[in-house]
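Below: the structure, in structure tokens.
Any read-out appearing in this document is the output of simple, stated calculations on the displayed coordinates, not a laboratory observation. On a predicted model such as this, the values are computed, not experimentally measured, just so you know. Cβ atoms come from the backbone with ideal geometry, glycine included; neighbour counts cover every protein chain shown.
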Amino acid sequence: MQDSVAHSDDDLAQIRDSVRALCADFPGEYWRELDRERAYPSAFVKALTEAGFLAALIPENYGGSGLPMRAASAIMEEIHAAGCNGAACHAQMYTMGTILRYGSEAQKRRYLPKIASGELRLQAFGVTEPTSGTDTLSLRTTARRDGNDAYVVNGQKIWTSRAEYSDLMLLLARTTPKDQVKSRTEGLSVFIVEMRGKDGKPTQGLTIKPIRTMMNHATTEVFFEDLRVPAENLIGEEGKGFRYILGGMNAERILIASECIGDAKWFIDKATAYARSRELFGRAIGQNQGVQFPIARAYAQMRAAELMVHEAARLYDAGAQPGEQANMAKLLAADASWAAADMCVQTHGGFGFAEEYDIERKFRETRLYQVAPISTNLILSYLSEHVLGLPRSY
Ligand SMILES: Cc1cc2nc3c(=O)[nH]c(=O)nc-3n(C[C@H](O)[C@H](O)[C@H](O)COP(=O)(O)OP(=O)(O)OC[C@H]3O[C@@H](n4cnc5c(N)ncnc54)[C@H](O)[C@@H]3O)c2cc1C
């Protein structure tokens, strides 16, 4: 049983307190400075790793803390509610699930303890490509078997976040041409790619180019030119990779939704405090219903989304594949954080735009979750087809 530690709400409260205490060492100035430079929050990631939070979902027998999803969800939420940003390291939490669920015992023993200790970082997840985008089954990066011991990878990924700060990448590539597969979801395979040599430089055949974005996200383009990947780094069976990646999506959705809930709480706290303290026309602006109501609405929206996040995490921990709930949690939480962000700017008037209030930074950061890791339309399309039984639209 995975949840050996965090059975009760008391345990979760302790985890929440510890995350909050850690985050207190990384205040707004820390993130502002990094944001200006578009620099990676190395000290923050190091602190999270050393405290064991990034190994929350790794079972104890592989060196992690073997906590349930609801604990991981609480960790990500608290990080964001404290004004920090888990995007620098959240991929480690959900990508390692693919190794855990579908990897061989040898792969687990080789990688998981080192990921848990922080010796290896598994932060890069290479799925999206410039031409295929959301249409994952049309991706073009190929992995061709070369003899018994290796695959040779050629192609390009885009938006591979944290590739410059990761030792390992989970890569989805085509191993059988699209026109030769029996079923459209077959022919893709997942690999663990070791991205650096002993000198710390990118492995031969791998080129990483940063993309500057509207927020500080350390995202990149990655080019593969005859990159050799040992055959033993194939996860599970060749050709079944799409299924393995889909299997990890629920965890990803739940964790990102938790970040959005944290963001929404941060915006609501900021707005509430400001509405109480800012005095105009001889009274606090928060005394005006025109200011109160948007805050109250954002709070109600956040609380409703939070319930769905808890429900998705509960089902996940019970061993279900909660596709419906995880997708709805992501949709509702991303909408709640974006609505709260907009409300928070409005409540602050001009100061909402000033860097030193951190609101404009968090506003930019939380906007991402309408698009990544899956866009709102694609969630709606999932619900339409798989939950409501409407005709497939694409
Ligand atoms: C900062 C950032 C970090 C990211 N990190 C990673 C990462 O680490 N690894 C990774 O693999 N990917 C990553 N992504 C990629 C992300 O998952 C994609 O951007 C996202 O899935 C949308 O794909 P796209 O950008 O190709 O848009 P497209 O697929 O080109 O879609 C464009 C628009 O059309 C809409 N659309 C497309 N098809 C349909 C349809 N059938 N019906 C209705 N609407 C549709 C979409 O909703 C979207 O709004 C990241 C993206 C960003 C911006």
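Which one of GLY248, GLY197, GLY118 has the biggest mean-square fluctuation once the chain is modelled by GNM with Cα springs under 10 Å? So, out of GLY248, GLY197, GLY118, the one fluctuating most is GLY197. The largest-to-smallest principal axis extents of the Cα set in the range 152-309 are 71, 39, 25 Å. With the convex hull drawn over the C-alpha atoms of the range 243-387, the volume per residue is 106 Å³.
Fewest Cβ neighbours within 10 Å first, please rank LEU48, LEU388, LEU171 accordingly. All intermediate terms of the calculation are to be shown ahead of the outcome.
Numbers: LEU48 26, LEU388 8, LEU171 29.
By the 10 Å Cβ count, ascending, the order reads LEU388, LEU48, LEU171.
Would you please classify the overall shape of the chain from the alpha carbon gyration tensor, given that a ≥ b ≥ c denote the square roots of the eigenvalues, rounded means a/c under 1.5, and beyond that prolate means a/b larger than b/c while oblate covers the rest?
Prolate.
Fully extending the segment from GLN321 to ARG278, taken as 0.36 nm per residue of separation minus the present Cα-Cα distance, adds 10.8 nm.
Dividing the Cα radius of gyration by the Kirkwood radius, what Rg/Rh value follows for the range 122-237? Don't skip to the answer; put the middle values down first.
Values: Rg = 13.9 Å, Rh = 14.4 Å.
Looking at the range 122-237, the ratio lands at 0.96.
Only one residue of ALA298, ILE256, THR366 has its Cα farthest out toward the positive end of the dipole of the range 243-387, where Lys and Arg carry +1 and Asp and Glu -1 on Cβ, and that residue is ALA298. Counting only trypsin sites (Lys or Arg not before Pro) that are in a DSSP loop and have at most 10 other C-beta atoms within 10 Å, tell me the longest site-free stretch of the chain. The answer is 1-181. The chymotrypsin sites (Phe, Trp or Tyr not before Pro) found in the range 219-304 that occupy coil by DSSP, while having at most 15 further C-beta atoms within 10 Å, are PHE281. Here the average projected area of the convex hull drawn through the C-alpha atoms of the range 9-117 stands at 6.8 nm².
Explain nothing, just the number: relative contact order of the chain, from Cα pairs under 8 Å at least 6 residues apart, as a whole percent.
Details: 737 pairs, mean separation 59.8, N = 394.
Worked out over the chain, it gives 15 percent.
The alpha carbon centroids of the range 213-273 and the range 138-186 are separated by 17 Å. In this calculation the C-beta distance from LEU307 to GLN204 is compared with R0 = 35 Å, giving a FRET efficiency of 0.10. Listed from fewest to most Cβ neighbours within 10 Å, the set ILE99, ILE15 follows the order ILE15, ILE99.
When the helix-only estimate is applied to the chain (DSSP H runs of n ≥ 4, each -39,500 (n - 2.57), divided by the residue count), what is the mean residue ellipticity at 222 nm, nearest 500 deg cm²/dmol? Before the final figure, lay out the partial values.
On the way: 11 runs with 181 residues, N = 394.
Roughly -15500 deg cm²/dmol at 222 nm, from the helical runs in the chain.
Normalised by the number of residues in the range 151-291, the mean separation of alpha-carbon contacts (under 8 Å, six or more apart) gives a relative contact order of 26 percent.
Under the rule a/c < 1.5 gives rounded, and otherwise a/b versus b/c splits prolate from oblate, where does the range 63-194 land using the Cα gyration tensor? Mind dumping the intermediate values first?
On the way: a/c = 2.07, a/b = 1.56, b/c = 1.33.
Since a/c reaches 1.5 and a/b is larger than b/c, the shape of the range 63-194 is classed as prolate.
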